[in-house]
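Taking it in order: structure first as structure tokens, then the write-up.
The values are calculated or read from the model by the stated rules, or taken from the named source; none is laboratory data. Because the structure is predicted, anything quoted here is derived from the model rather than measured. Ideal geometry is used to build each Cβ from the backbone, glycine not excepted, and the neighbour counts take in all protein chains shown. What goes into the accessible areas is simple: the full protein's heavy atoms, side chains included, and nothing from ligands, DNA or RNA. Shrake-Rupley method; radii C 1.70, N 1.55, O 1.52, S 1.80 Å.
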Amino acid sequence: MGSRPCNRTFMSQAYVNFLLTNRIPRHALTRFMGWFSKIEFAPVRIVSIALWKAFCAVDMSDSKETRFTSLHQAFIRQLKDGARPIDPDPATLTSPCDAIVGAFGRVERGMALQVKGMPYPVADLFGSADEAAAFEGGWYVTLRLTAGMYHRFHAPHDVVAEQLRYISGDTWNVNPPTLARIERLFCRNERAPLTVRMQATGERVVLVPVAAVLVASIRLPWLDERFSIRRGGARTEPLDHAFAKGEEMGWFEHGSTIVVFAPSAWAPVAGLETGRTIRLGEPLLQRL
């Protein structure tokens, strides 16, 4: 009986969070944030960075830069050299980013879990039934980046990027209150499934960056130095770009999510748990 008021309070806070971050003009607010975050006028820059640090639990101790021209530059900050050691074991796929571990498990009957009790079709997420079918029986791990985290993502192994599919969509928040309420959320939001092939074995892994409210864009600078992947619209684009394990691949311009899909020969490392914070370069999946 004593836990009920706390449960009611938690549910109330979660509902308020859901309303504040989703019952708004999401696309308009996202476009505004993309513009506002790049303002270099000193009073705006100083106040906006201070508020971001105060409300988003930002740790700048490992940042390569100490001064920023705009809030945007602080969002996409780079790390000091050596701040994220990359596990060198070729039998591990490392986390491509700093994140909180969300749902993970096997792909069964073409479905993955958004949260417990909320399945979604992998084919809808990928935008291709044939490509999704190759991961039947394989594993997925959802990695959620919060607003205060390091926002760049990196290669989980020595890989060659083979294909990018850009799928336009909504910008629902990807926080837990929203994931628990909006079915197939990842399949609704803007996303960019990126297929990579491991250089040593030829096995394919798919990284699915999912955009969210306030995310101005997903950037792959090796593909286009100036513009986000939105430029050019919905498309499937063949690629041939090699990355060493741990090499930077791109970034979000705010917090969001990456869903990692690996074939059945790989499985989550021991100790992986929903809600755990994982850092770039730490083992995520291991060869069975």
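Couple of notes before you dig in:
- Relative contact order of the chain: 26 percent, from C-alpha pairs under 8 Å at least 6 residues apart in sequence.
- Charge tally around residue 264: other residues with Cβ under 13 Å, Lys/Arg +1 each, Asp/Glu -1 each, net 0.
- Under the simplified labelling scheme, the residue 168-residue 108 pair shows an inter-label distance of 3.8 nm, with each label point 7 Å from Cα along Cα→Cβ.
- Value of [θ]222 nm, deg cm²/dmol, for the chain, DSSP H segments ≥ 4, -39500 (n - 2.57) each, nearest 500: -6500 deg cm²/dmol
- Overall shape: rounded for the range 103-196, with the ratio a/c of the largest to smallest alpha carbon gyration tensor axis below 1.5.
- Per-residue 3J(HN,Hα) values for the range 238-252, derived from phi via the Karplus relation 6.51 cos²θ - 1.76 cosθ + 1.60 with θ = phi - 60°, read x, 9, 7, 9, 8, 10, 7, 4, x, 6, 5, 10, x, 7, 9 Hz in sequence order (x marks Gly and Pro).
- The 3J(HN,Hα) values that the Karplus relation (6.51, -1.76, 1.60; θ = phi - 60°) gives for the range 103-109 are, in residue order, 5, 8, x, 7, 6, 10, 6 Hz. Gly and Pro appear as x.
- Take 256-264, 50-58, 147-155 and order them by the average number of nearby Cβ atoms within 10 Å per residue, most first; the result is 256-264, 147-155, 50-58.
- Separation between Cα centres of the range 188-260 and the range 128-185, rounded to whole Å: 10 Å
- Think of a 1.4 Å ball rolled over the protein heavy atoms: the range 92-287 then has 36 Å² of accessible area per residue.
- Within the accessible surface of the range 81-228, defined with a 1.4 Å probe on protein heavy atoms only, the carbon and sulfur portion equals 51 percent.
- Within the range 201-279: Cβ-based charge dipole about Cα centre, in debye rounded to nearest 20 (Lys, Arg +1; Asp, Glu -1): 180 debye
- Within a straight-line Cα-Cα reach of under 18 Å, residue 80 can be paired with the following aspartates and glutamates, leaving aside sequence neighbours fewer than 8 residues apart in one chain: 59, 62, 65, 98, 247, 248, 282.
- Under 18 Å from a label point set 7 Å out along the Cα-to-Cβ vector of residue 78, the amide N atoms of the range 250-286 belong to 250-253, 280-281.
- Summarising the amide proton neighbourhood of residue 249: residues at separation of 5 or more, or on other chains, whose placed amide H is nearer than 5 Å comprise 153, 154, 155.
- Taken along the Cα-to-beta-carbon direction at a fixed 7 Å, the label points for residue 248 and residue 69 span 1.5 nm.
- Relative to its Kirkwood radius, the Cα radius of gyration of the chain gives an Rg/Rh of 0.95.
- Amide H contacts of residue 173 (H built 1.01 Å from N, under 5 Å, at least 5 apart or other chain): 213
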